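Worksheet: the structure to be examined is printed underneath.
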Amino acid sequence: MTQQSDITPPPGRKKRLSIYLDPVLSDRLADHADRHVQSRSMIAEAAIASLLSPDADERREAALAKRLDRINRNIQRLERDIGIANEALAIFIRAWLTSTASLPEAAQTSARAKGGERYDRFLEALGRRLARGPKLQQEIPDDIETSRNLPG
């Protein structure tokens, strides 16, 4: 008696392969196949072909390089935004320290109360600006060095 795996298919026909998959992976394969309206066999065959392709390593490296470039751009944007925030805060603190006179002891209690009210209004204004914009980072040109050299 001949077993199924011993039968050689005629030329041009595909060979049958039985594999065991983790249930979660099997479900993901089925979901992917359903979304793309393809058979699980076709998707598995394409994945295996891609894995065994001579340029598979180059494609994976290119995909990784693309992701790393995107991450690098995000980090650069974050560094820029943090730099803007730090400089804005430093300018404000310097202006506040140089323009605010010390209060006599008798006036400090009422000044603290007024300061608390002003701080609450500041937080409300900040919340509105963050919710609706524009953001400070949007008001500052991306290329600050170039904009400094422009006439005007």
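Tabulated values for the structure
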| item | result |
| --- | --- |
| 105, 139, reordered so the largest accessible area comes first (probe 1.4 Å) | 105, 139 |
| Test item: Cα-centred dipole of region 61-122, Lys/Arg +1 and Asp/Glu -1 on Cβ, debye | 200 |
| DSSP-loop trypsin sites (Lys or Arg not before Pro) across region 46-145, with at most 14 other Cβ within 10 angstrom | 135 |
| Helix 23-35 axis, angle to the chain major axis (alpha carbon atoms, nearest 10°) | 90 |
| Computed magnitude of the charge dipole of region 7-152 (debye, nearest 20; Cβ of K, R +1, Cβ of D, E -1) | 420 |
| Per residue accessible area of the chain, 1.4 Å probe, in Å² | 92 |
| Carbon + sulfur, % of accessible area of the chain - ligands and nucleic acids excluded, 1.4 Å | 57 |
| Quotient of C-alpha Rg and 2.2 N^0.38 Å, computed over the chain | 2.15 |
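The values are calculated or read from the model by the stated rules, or taken from the named source; none is laboratory data. Owing to the predicted nature of the structure, the values given are computational and were not obtained by experimental measurement. A quick note on method: Cβ atoms are made from the backbone with ideal geometry, for glycine too, and the neighbour counts reach across all protein chains shown. These area figures cover heavy atoms from the full protein model, side chains too; ligands, DNA and RNA do not enter into them. Shrake-Rupley method; radii C 1.70, N 1.55, O 1.52, S 1.80 Å.
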